[in-house]
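The values are calculated or read from the model by the stated rules, or taken from the named source; none is laboratory data. Nothing here was measured: the structure is a model prediction, and the numbers come from that model. Because the Cβ atoms are built from the backbone with ideal geometry, glycine has one as well, and the counts that use them run over all protein chains shown.
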Amino acid sequence: MNLVKFLCKRIVAIVVTISLVLGVGYILIYISPGTFYNAANMGQGLSQLQISDPALYQQYLNSLNSRYGLNQPLIVQVLKYIWHTLTFNFGTSFENPSIPIIHQLAQALPITAILAFASIALAVLVGVPLGVLAAVKRNTWMDSALTTVSLGGQAIPSYILAVFFVLFFGVWFPGLLPINGWGTVPEAVLPVVALAAGNVAIVTRYTRGSMVEALRQDYVRTAEAKGVSHRRVVLRHALRNSLVALVTVIGPTLAFTFVSTLWVEQIFTIPGMGSLMAQAFPNKDVPLAITAVFILSLLIMGMNLVVDLLYRVLDPRVKLQ
């Protein structure tokens with residue numbers, strides 16, 4: 001019963017928060033310079049639909065007004081758009097009216113998700129062992145070296161590292177790894193590593209901190225006093241309890257990684273969500289722009305909900321509130 005009550009409260013909070021995000025985003029685009037459907041966008045859209053008859057042109061404009069409420073007061077437009085988006089009725093974009101937005105998302109979102117989850121998986125595979133090693137060897141030169149490298153990796157933004165990769169593998173040593181495109185494993189190496197570098201530093205630091213705290217607990221000293229090997233104490237007892245604290249940081253890190261992919265995708269010319277947003281915002285393609293914001297917001301809040309539930313599974317003492 002507590003779980004059902006918790007989920008209901010969180011779902012309501014997510015709906016309210018996303019509605020506010022959609023409303024604010026719509027108003028910001030509305031008051032920015034330009035118009036919703038300028039001549040360039042309309043010309044491109046009409047050429048795709050092969051509309052040359054003035055009557056059909058007016059009919060197309062009327063369909064836009066009816067769908068998005070562009071001829072109605074701002075508050076009506078906002079409420080109408082929030083309702084359409086929350087019900088996943090995204091419609092078509094202004095720039096590409098012949099292609100439904102849901103079809104564009106179906107192509108772009110899986111690519112962004114693969115990049116984000118692959119970078120987090122790589123960060124965990126590399127960062128957890130490094131954090132454990134730093135905790136076991138704490139206050140030694142190895143601990144200092146790993147901490148320094150972690151701080152350096154966290155200080156370099158992913159898009160800066162991506163630019164360096166393009167320079168290194170595209171200019172200095174061309175041909176070693178592809179610097180653009182998507183569809184093969186070699187093409188995914190550089191963007192995944194660029195996204196994972198900062199996450200490795202975060203995972204290493206949090207793993208080290210939680211491991212140091214776990215190794216100081218009484219149950220660790222009791223296990224060692226009973227003759228349990230130090231390796232087994234570290235891997236089976238201390239590390240297991242440290243993963244609870246690590247889960248709490250993986251959720252926000254994954255959410256931040258989804259946002260970071262937008263810039264990395266542009267640098268490596270990857271057709272993900274970053275490409276959609278890069279097309280939508282400069283052209284004031286409101287449906288596509290706000291839909292992209294909606295998807296990212298939903299992913300971020302959804303991941304936070306999953307993390308809270310996992311935290312409860314890993315530590316039954318935690319109460320869902």
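Brief remarks on what is shown
- The single condition from (1) at pLDDT 85 or above; (2) closer than 21 Å to residue 259 by Cα; (3) part of a loop (DSSP other than H, G, I, E, B) that residue 177 fails is (2).
- For the range 31-52, the condition of being in a helix (DSSP H, G or I) and modelled with pLDDT of 70 or more holds for at least one residue.
- Residues within the range 95-113 that are surrounded by 17 or more Cβ atoms within 10 Å (Cβ to Cβ) and closer than 19 Å to residue 258 by Cα, tallied: 6
- Scan of the range 179-197 for residues that are farther than 17 Å from residue 118 by Cα and crowded, with 18+ Cβ neighbours inside 10 Å, ordered by number: 179
- Subset of the range 136-149 that is assigned to a helix (DSSP H, G or I) and of a type outside the set (Ser, Thr, Tyr) - its residue that is surrounded by the most Cβ atoms within 10 Å (Cβ to Cβ): 146
- Some residue of the range 150-159 being within 20 Å of residue 265 (Cα to Cα), crowded, with 18+ Cβ neighbours inside 10 Å, in contact with a Leu (Cβ under 7 Å, 6 or more places away or on another chain) and not aromatic (Phe, Trp, Tyr): yes
- Residue 261 being touching a Gly at 6+ places or on another chain (Cβ under 7 Å), surrounded by fewer than 17 Cβ atoms within 10 Å (Cβ to Cβ) and modelled with pLDDT of 80 or more: no
- Restricting attention to the range 76-110, the residues that are touching a strand residue (DSSP E or B) at 6+ places or on another chain (Cβ under 9 Å), part of a loop (DSSP other than H, G, I, E, B) and of a type in the set (A, V, I, L, M, F, W, C) total 2.
- Failed item in (1) small (Gly, Ala, Ser); (2) assigned to a loop (DSSP other than H, G, I, E, B); (3) modelled with pLDDT of 80 or more, with residue 162 passing the rest: (2)
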